[in-house]
Amino acid sequence: MDVNAGVPRSRTRTMIAIGIGILSLFLILLVAGTVPRVRNNRGLAVAAKNAQNTTTAVYVIRPEPAAEGGLSLAATTQAIQDTIIYARTSGYVGKRYVDIGDNVKAGQLLAEIESPEIVQQLSQARADLLQSEKNLDLQKATLDLAHLTMGRYSEADVEGAVAKLAVDQSVAAVRTGQAAVAAAEASVASYQANVRRLQELTSFERVVAPFAGTVIQRNADVGTLITAGSPTNNTAAAPSSVTGGANGLFEIAQIDWLRVFVNIPQAYAPNVRVGLPVSVSVRGHLAQPVAGTVTRTANAFDPATRTLLAEVDVPNRSHMLLPGMFAYVAFTIGPAGTRWRVPATAAIFDAQGTRVAIVGADNTLHFQPVVFGRDLGAAIDIQNGLRGDEAIVKQPTVSMHEGQVVRPIASAPSGR
């Protein structure tokens, strides 16, 4: 009995020892995992506290008074004078004397148009004119005869040797002759006008240059059928043509001077005045910019683009510039009103609006709302919101917040 009773007790002690071992292992693992975590949390708390106590160094600048600034805008060149020459008479091109790129003088013959129908019409008109002149001579002779007859009847009537009816008929014949002469004279004038009209049409067979310039488009060749005033096929058009398509016989441009058209944004338009000096450049084409002046402005804004069209005239004696070029016009724009200028990196655009970060007397940050003016690329104008003596953070970051204590470091002047 004693031996059998000792076996369950031995098993119970074994189970208790295993349970205690498992519990001890669990406690050891729990302590091993908790202690490092507590240490890490304490380290993070200390680091956060140190970070709060450490001030951030920031570079600050002072706003500078707004001065003249440069502005470069895209523009298009156009000839100072440009015209399309249409045919004023119908026919065939008989001769062509010029082609694209040729320099011509005022009155120089460009082409000749053969118009056989107009020539025949002129011959017929001259014949009709001659016939009307002869008819006028006939009516004048008839009138002279009527005057003589009326004179004889009037003398005979004094002596009562002729009937009263004959006298009245002679008077009526004179009046009829006078009317016939007047009608014949009007007919002669009409035929003369028709002859002059056809002579003008035949003179239009000679196509001449209206002014000295360069042929930049040719739309007809020998044998081309021409209809007066109608467009022709685009046989040879220079890329610099301002017409954009086939039109008259020729297009001539005077390029000793060029017009440069540029669209001025609304923000800069008040500073652009007639007479403002500018420089025109074509990247990769001109060694030196060409000086010019603003000649005129449209005095109205394009409602689609909110820009003001301005024209700049530039000399082009060397013909280095060509009509239709893409160019840049550089303006020197003065400040309009009292404004301050800061680096563009100091500007803050966010949900709170347009602001700059200012370091106060106690070295705390304050985000000051401002009104931005012209954006000059590297700098931006401030229209309102600054006095001019503030210390502005040159490059604020998104981690900065209102009231943060910082350590300001004076930045070198920008030299603007």
* Does region 304-353 hold any residues that are in a helix (DSSP H, G or I) and without any contact (Cβ under 8 Å) to a residue 40 or more places away in the chain, and which are they? -> Ala344
* Structure fact -> Subset of region 106-132, residues assigned to a helix (DSSP H, G or I), open to solvent by 70 Å² or more (accessible area, probe 1.4 Å) and not polar (S, T, N, Q), comes to Pro116, Glu117, Arg126, Leu130
* Specify which of the listed residues (Val282, Val278, Val294, Val290) is within 19 Å of Glu68 (Cβ to Cβ), in contact with a Leu (Cβ under 8 Å, 6 or more places away or on another chain) and open to solvent by less than 60 Å² (accessible area, probe 1.4 Å). => Val294
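Residues are listed down the side, and each one gets a yes or a no for (1) modelled with pLDDT under 90; (2) within 26 Å of Ser187 (Cα to Cα):
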site: Ala74; (1), (2): no, no
site: Tyr92; (1), (2): yes, no
site: Val98; (1), (2): no, no
site: Glu117; (1), (2): yes, yes
site: Arg126; (1), (2): no, yes
site: Gln131; (1), (2): no, yes
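I'd like to know if region 367-379 contains one or more residues that are outside any loop (DSSP other than H, G, I, E, B), touching a residue at least 40 places away in the same chain (Cβ under 8 Å) and over 41 Å from the mean Cα position of the chain (by Cα). Can you show your working first?
Step one: of region 367-379, the residues outside any loop (DSSP other than H, G, I, E, B) are 367-369, 371-375, 379.
Right, trim to touching a residue at least 40 places away in the same chain (Cβ under 8 Å) and you get 373-374, 379.
Keeping just the survivors that are over 41 Å from the mean Cα position of the chain (by Cα) gives none.
Checked against the condition, which is being outside any loop (DSSP other than H, G, I, E, B), touching a residue at least 40 places away in the same chain (Cβ under 8 Å) and over 41 Å from the mean Cα position of the chain (by Cα), region 367-379 yields no hits at all.
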* Asked: Looking only at residues in region 85-101 that are open to solvent by less than 50 Å² (accessible area, probe 1.4 Å) and part of a strand (DSSP E or B), which one is farthest from Gly213 (Cα to Cα)?
  -> Gly91
* Structure fact -> Counting only residues in region 266-275 that are open to solvent by 40 Å² or more (accessible area, probe 1.4 Å) and either part of a helix (DSSP H, G or I) or in contact (Cβ under 8 Å) with a residue 60 or more places away in the chain (or both), the one farthest from Asn299 (Cα to Cα) is identified as Ala267
* Asked: Within the set of pairs 6+ apart or on separate chains, which have a first residue in region 383-394 that is at pLDDT 85 or above, a second that is assigned to a loop (DSSP other than H, G, I, E, B) and open to solvent by 80 Å² or more (accessible area, probe 1.4 Å), and C-beta atoms under 7 Å apart?
  -> Ala391/Arg62
* To do: Identify the residue in region 47-62 that is in a helix (DSSP H, G or I) and open to solvent by 60 Å² or more (accessible area, probe 1.4 Å) and, among all such residues, is modelled with the highest pLDDT.
  => Lys49
* What number of residues within region 354-363 satisfy the criterion of being open to solvent by 30 Å² or more (accessible area, probe 1.4 Å) and assigned to a strand (DSSP E or B)? -> 2
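The values are calculated or read from the model by the stated rules, or taken from the named source; none is laboratory data. These numbers were taken from a predicted model, which means no experiment stands behind them. Counting neighbours? That spans all protein chains shown, and the Cβs are built from the backbone with ideal geometry, glycine included. Surface areas here come from the heavy atoms of the whole protein model, side chains and all, with no ligands, DNA or RNA. Shrake-Rupley method; radii C 1.70, N 1.55, O 1.52, S 1.80 Å.
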